[in-house]
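Single-structure report; data block below.
The values are calculated or read from the model by the stated rules, or taken from the named source; none is laboratory data. A quick note: this is a predicted structure, and the numbers were derived from the prediction, not measured. Glycine also receives a Cβ, built like all others from the backbone with ideal geometry; neighbour counts cover every protein chain displayed. Heavy atoms of the whole protein, side chains included, go into the accessibility calculation; ligands, DNA and RNA do not. Shrake-Rupley method; radii C 1.70, N 1.55, O 1.52, S 1.80 Å.
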Amino acid sequence: VDTDGDGMYDGFEVINDLNPLVPDAGDDQDEDGLTNGEEWDRGTRANLSDTEGDGMPDGYEVLNGLDPLASDAVFDPDHDGLANIAEFQAGTDPNNPDTDGDAMTDGYEVRSGLNPFANDSTGDPDGDGLTNLEEFDSGTRADLADSDADGMPDDYEIEHGLAPLTNDSGGDLDGDDLVNLVEFQSGTNPNNPDTDSDSLPDGYEVLNGLDPLVDD
């Protein structure tokens, strides 16, 4: 049954294009990270790097506790927002939601163009005044200064109690007849109807060509 005495039956070797007359259990014919003998033990193919054809090599799946005999590419065992196949493609750990330990999940970092292998929590690539970690905690985009595309940067909205994930540019938070977007453009406070405390509402001043930032 095992002519060369390498622990693998002759039939397995023939089916997998191995030589049943030469001990080759320690070789890795398909270069998937599993030796031929390990392929035999696990029931995977020694001449196919991806036995079940789910896009991930058998060795990678075994190393990371996945099943090389079941298509599990779309599963997300660490719940980081990246499916197993995406973790494989990105090189991140499918069993650790935060490969680099910077308090941001791998899925968030990959989708935001950040580096899931380096602590970049204090960076601000979109220049909106929020660090990457603050963006993650707020649910905003680290690669977009204005996540909801309402004309107001994320940090401005958060600072003034607006919704950085909802277009609230047309709202009037303080009831001064200036919508939030115009407050931002004018430099006035959307939470204070009279930014310069001159007893004239910001909306009145802007409408009449006065300066809502100076007591006039």
Distance in nm between pseudo-label sites at N167 and D4 (7 Å out along the Cβ direction from Cα): 6.7
Apportionment of accessible area to carbon and sulfur, the chain, percent (1.4 Å): 53
Per residue solvent-accessible surface (Å²) - the stretch 1-105, probe of 1.4 Å: 49
Normalised alpha carbon radius of gyration of the stretch 51-127 [divisor 2.2 N^0.38 Å]: 1.16
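What order, most packed first, do the peptides 15-27, 200-212 have when packing is the mean number of other Cβ atoms within 10 Å of each residue?
In descending order of packing, they fall as 200-212, 15-27.
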Binned Cα-Cα distance frequencies in the stretch 154-216 - 5 Å width, integer %: 4, 22, 33, 21, 12, 7, 1, 0
Dipole of the stretch 43-178 [Lys/Arg +1, Asp/Glu -1 at C-beta], most positive-end residue of V62, A90, A118: V62
Span per principal axis, largest first, for the Cα atoms of the stretch 81-160 (Å): 39, 21, 16
Unit Cα scatterers, Debye sum, the chain: log10 I(q)/I(0) for q = 0.09, 0.13, 0.15, 0.16 Å⁻¹: -0.58, -0.82, -0.93, -0.98
Using a Förster distance of 41 Å, the FRET efficiency for N191-T122 (Cβ separation, nearest 0.05): 0.90
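Can you show me the helix-derived [θ] at 222 nm for the chain, built from DSSP H runs with n ≥ 4 at -39,500 (n - 2.57) apiece and divided by the number of residues, rounded to the nearest 500.
Mean residue ellipticity at 222 nm (helix-derived): -6500 deg cm²/dmol.
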